[in-house]
Amino acid sequence: MIKLYENGVYLLNGTEIVEDNGEAQAVLQSRLGVAPNKETAKQGTMAYNILKDHNTSGNMDKLKIKFDKLTSHDITFVGIIQTARASGLEKFPIPYVLTNCHNSLCAVGGTINEDDHMFGLTCAKKYGGVYVPPHQAVIHQFAREMLAGGGKMILGSDSHTRYGALGTMAMGEGGPELVKQLLSQTYDINMPGVVGVYLTGEPVKGVGPQDVALAIIGAVFANGYVNNKVMEFVGPGVEKLSADFRIGVDVMTTETTCLSSIWKTDAKIKEFYEIHGRVEEYKELSPADVTYYDGMVYVDLSTIKPMIAMPFHPSNTYTIEEVNANLEDVLHDCEQKALVSLDGQVDFKLTDKIRNGKLYVEQGIIAGCAGGGFENICDAADILNGASIGHDAFTLSVYPASMPVYMELVKNGAAAKLMEAGAVMKTAFCGPCFGAGDTPANNAFSIRHSTRNFPNREGSKLQNGQISSVALMDARSIAATAANKGYLTPATDIDVNFSKPKYFFDKTIYENRVFDSKGVADPSVEIQFGPNIKDWPAMVALTDNLMIKVVSEIHDPVTTTDELIPSGETSSYRSNPIGLAEFALSRKDPAYVGRAKEVHAAEVARENGQCMGEVLPELKEMMHTVKATFTDVNKTNTGVGSTIYAVKPGDGSAREQAASCQKVLGGWANIAKEYATKRYRSNLINWGMLPFIYPEEELPFANGDYIFIPGVAEAVRNKATTFKAYVVNKGMKEFELQMGELTDDEREIILKGCLINFNRV
């Protein structure tokens, strides 16, 4: 059972919930002898106290956070360091770990992986960082093993930067937020709300962390219950979970759209640090005797059943039991949802997976930061011990999250059990999770213990008429399905004795391969550049007025960053901003790039003092129309760019490229009904783009329309929250755009044109 409280709650002694309703004060008076102050009780959360320890502003309502450590992988660290270098970077002021777990295939002619790796190694030497070579560790596993610490804060350029189970408050943000930390600046946010997650009971045998996580995601995503809030895990059920189990639930909190997470800690977490030779990093964390939460998610672990998140979102959840009992209905419903997600571009079928009344899947994957943990793989090995995955289409791949985990699986025999059953053991690589490994065949159905199942995330090529799909499941039920030769099976249906072997961490692998500068920079080191590693193009400041053309209009309920800039093979251009931008919206709106380029060409002409209308003839009429009302408008004070409209953009990955690709193509703004995540909105701001909001259902503009915004720079400078705008080609139809709260620095970044300019000037 999962229950969402309608109001805030008081938590007494970590065990008793008192809902903040009309009876709360009387109940509290009877329990405590005195009615507590709500604002004081809010300070009892673990989250509040960690944020307080890292806040430099002196104001707990307006936080300016400095993190203890940073981490990035090879899709993001080149762009981050290039941005920081352009902004004046001299050395890494805090520990910064560069991992290489996203080695992208160069199928589209991008950067050779090793060029980026050598760039990372030489930067770690020059600026004083840590470099983790390819295949050694998935970014988040290395962070758990070597970086996490009780009461610490870590910022990562990957959305699944979550180490709350270890007592570390971690956040995944776009690259520019890491740049700010590298320049000794701060992460500026309002004090977030904190929602308690009260765990009670104990999982039944066969239920794993992904099952619990998916059940929670299914309960909170659609209603935004924890959106941009901190999830704080408490209650007696926590102590019933192993460290690995907690980690598996924690990493998936990203898919709720929360800001971060933190868990109460105990002897099991202390043991985790002891195993990894870092017991000094353990800190006991728990809520105060009287703590106030802005909401509460009540989870009875004993009621959780094996779960499955059907395509194309982690929140599209069912119990496996429910799917098997209602195959036709569930699969047909998913097909109907796919019509929205895929825009009817391909003929997507799931009902053809029904064989003899059962659901047959073609692929199983246990991988990455969510699935590749020691306990998950050992339990899967126990289920498959002596079994066979069969000789049909079904395949099973297992990616341990780090080489130390892999080595222990070899030593204790779990790897042998899996391989004997027909599974393929692979290295620490995030490939399946972002479309660069184990891409399924056309129309194939894959079940995965990984983090996401967005459209095309697994590597489908929708533009070529090729589509496959992913459902998320726990490693145990994936193993049960594999033992049943590809027919969907919950792990609770399997009679198995889990061996639960003890984990022994051997850091010799890292000592022999990982470069650690120990924080010492060597300015004499020359950075090694590959031929496709390019600098960011020059970007101009915001002009007095703005003419923007709508070049894409998206009405999906949610638009993911994977749709804004596809992952997988396109990421081989990750170190070439202009090259990567060619793939912006390529799977969602293939015409976007061409439209944006047309407008950008006119802006380039303007910046060079040339006639915009000669480059883009339609602009002549638009400017003539505007000048009839605003006589002082000219090419020196009015910039021209593009914008997209999306209902709710930005769910998913923290990759800044979702915004920067639009920027280098001449994007000046986004218009949205709302933004799915803080990190996407922050990415827009840091790349000098205006994060406009238009909350109404009916739009005054459409794709291809021109929008004129007079006095936009002055409005930003004066902290305006509303902006007058005009649809030029519709008779100067007036409407109003809104903008949420911005910090003074964020306004200045927009005015200067981007974070690089902000730090240069």
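A few remarks follow.
Conditions tested, residue by residue: (1) over 12 Å from residue 301 (Cα atoms); (2) surrounded by fewer than 24 Cβ atoms within 10 Å (Cβ to Cβ).
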| site | (1), (2) |
| --- | --- |
| 168 | yes, no |
| 174 | yes, no |
| 178 | yes, no |
| 184 | yes, yes |
| 192 | yes, yes |
| 196 | yes, no |
| 199 | no, no |
| 202 | no, yes |
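- Taken over the stretch 511-538, the criterion of being closer than 23 Å to residue 644 by Cβ and either without any contact (Cβ under 8 Å) to a residue 60 or more places away in the chain or crowded, with 18+ Cβ neighbours inside 10 Å (or both) is satisfied by 536, 538.
- Flag for residue 448 being at pLDDT below 95, within 26 Å of residue 143 (Cα to Cα), buried (at least 22 other Cβ atoms within 10 Å of the Cβ) and of a type outside the set (Val, Ile, Thr): no
- Residues that are among the polar types (S, T, N, Q), more than 30 Å from residue 114 (Cα to Cα) and surrounded by 21 or more Cβ atoms within 10 Å (Cβ to Cβ) are absent from the stretch 615-636 altogether.
- Count of the stretch 296-314 residues which are in contact with a helix residue (DSSP H, G or I) (Cβ under 9 Å, 6 or more places away or on another chain) and buried (at least 21 other Cβ atoms within 10 Å of the Cβ): 13
- For the stretch 556-574, the count of residues that are closer than 23 Å to residue 760 by Cα and surrounded by 21 or more Cβ atoms within 10 Å (Cβ to Cβ) is zero.
- A single member of 438, 495 is acidic (Asp, Glu) and over 30 Å from residue 589 (Cβ atoms), and it is 495.
- Per-region count, the stretch 229-252, residues touching a Gly at 6+ places or on another chain (Cβ under 8 Å) and closer than 28 Å to residue 677 by Cα: 12
- Considering the stretch 326-365, and only residues there that are charged (D, E, K, R) and assigned to a loop (DSSP other than H, G, I, E, B), the residue that is modelled with the lowest pLDDT turns out to be 343.
- Residue in the stretch 464-484 that is out of contact with any Cys (no Cβ under 8 Å at 6 or more places or on another chain), part of a helix (DSSP H, G or I), at pLDDT below 95 and assigned by TED's automatic domain parsing to the domain that holds residue 331 present: yes
The values are calculated or read from the model by the stated rules, or taken from the named source; none is laboratory data. Here the structure is a predicted model, which is why all the values come from computation and not from measurement. Don't worry about glycine lacking a Cβ; one is built from the backbone with ideal geometry, like all the others, and counts go over all protein chains shown.
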